[in-house]
Amino acid sequence: MASEERQHFRPSWDDYFMAIAKIIAARGTCDRLYAGSVLVKDNRIIATGYNGSPAGLPHCNDVGHLLEEGHCVRTIHGEHNSLLQAARQGGTSTAGATMYTKYSPCIHCSKYVIACGIKRVVVGKIYRSPQAVDMLKEAGVSVEVYGENPKWKDELIGIFNEDIPVRANEGNVKMENSSDKN
């Protein structure tokens, strides 16, 4: 009996990039908050970031938190890391870009977003500081709270649960060796 193929759901750009931000957050190394960010320009990813210590330094999950006034300062926030990654890679301006982030940026990251010319921020959830969102808006940055699409959520669950299909009778590709031509 042939198995039924799952019906495919094609996500919107916001669905697509927000899912990637959530996956990127899983790389975080500070268990106080697993946050992720995707920086996009013309529907192309130009950088990503997650909460983590600078390269080569110990991570919170390994050595504990470095707290100042109740905030962990050992890590760089996901939003800041995506902006830093864009700067290190070079070649693409952040001016006019969109940032997708699992949580709204803190006040410091909001300043960096504004300074880098980001024009749109899509957040999964407002986190702690609504004043940071107000600052973004005051600077002319469009801020939108992502509305999760239940059809896309179901599609993601299906994607992560399915096996890679093997289809019979599609044939194999035969590669010629240059020595076979002589």
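The values are calculated or read from the model by the stated rules, or taken from the named source; none is laboratory data. Everything numeric in this text was worked out from a predicted model, so none of it was measured. Note that each Cβ is placed from the backbone with ideal geometry, even for glycine, and that neighbours are counted across all protein chains shown. What goes into the accessible areas is simple: the full protein's heavy atoms, side chains included, and nothing from ligands, DNA or RNA. Shrake-Rupley method; radii C 1.70, N 1.55, O 1.52, S 1.80 Å.
Summary of computed values
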quantity	calculated
Any chance Gly52 is within 17 Å of the chain's Cα centre (by Cα), farther than 30 Å from Asp154 by Cβ and open to solvent by less than 10 Å² (accessible area, probe 1.4 Å)	yes
Pairs, first on the phi > 0 side of the Ramachandran plot in region 70-96, second aliphatic (A, V, I, L, M) and crowded, with 21+ Cβ neighbours inside 10 Å, C-beta under 9 Å, six or more apart	Gly96/Ile118
Selected residue (criterion: least open to solvent (accessible area, probe 1.4 Å)) from residues of region 5-45 that are within 30 Å of Glu68 (Cβ to Cβ) and of a type in the set (Ser, Thr, Tyr)	Ser37
Any hit, region 54-61, residues being at pLDDT below 95, part of a strand (DSSP E or B) and either within 30 Å of Glu162 (Cβ to Cβ) or not small (Gly, Ala, Ser) (or both)	no
Subset of region 103-161 [touching a residue at least 60 places away in the same chain (Cβ under 8 Å), within 22 Å of Leu33 (Cβ to Cβ), out of contact with any strand residue (DSSP E or B) (no Cβ under 6 Å at 6 or more places or on another chain) and not in a loop (DSSP other than H, G, I, E, B)]	Leu156
Criterion violated by Ala87 - all others in (1) buried (at least 16 other Cβ atoms within 10 Å of the Cβ); (2) assigned to a helix (DSSP H, G or I); (3) of a type in the set (A, V, I, L, M, F, W, C) satisfied	(1)
Sole exception among (1) out of contact with any strand residue (DSSP E or B) (no Cβ under 7 Å at 6 or more places or on another chain); (2) without any contact (Cβ under 8 Å) to a residue 60 or more places away in the chain for Tyr34, by number	(2)
Those residues of region 90-112 which are open to solvent by less than 10 Å² (accessible area, probe 1.4 Å) and over 20 Å from Gly28 (Cα atoms), in sequence order	Ala97
Verdict on Leu67 being at pLDDT below 95, closer than 25 Å to Leu156 by Cα and of a type in the set (A, V, I, L, M)	no
Only one of Glu138, Glu144, Glu148 that is of a type outside the set (Gly, Ala, Ser), surrounded by fewer than 18 Cβ atoms within 10 Å (Cβ to Cβ), out of contact with any Phe, Trp or Tyr (no Cβ under 7 Å at 6 or more places or on another chain) and over 23 Å from Ile23 (Cβ atoms)	Glu138
Any hit, region 18-27, residues being among the aliphatic types (A, V, I, L, M), farther than 30 Å from Pro165 by Cβ and at pLDDT 95 or above	no
Total residues in region 118-135, condition open to solvent by 20 Å² or more (accessible area, probe 1.4 Å) and out of contact with any helix residue (DSSP H, G or I) (no Cβ under 7 Å at 6 or more places or on another chain)	7
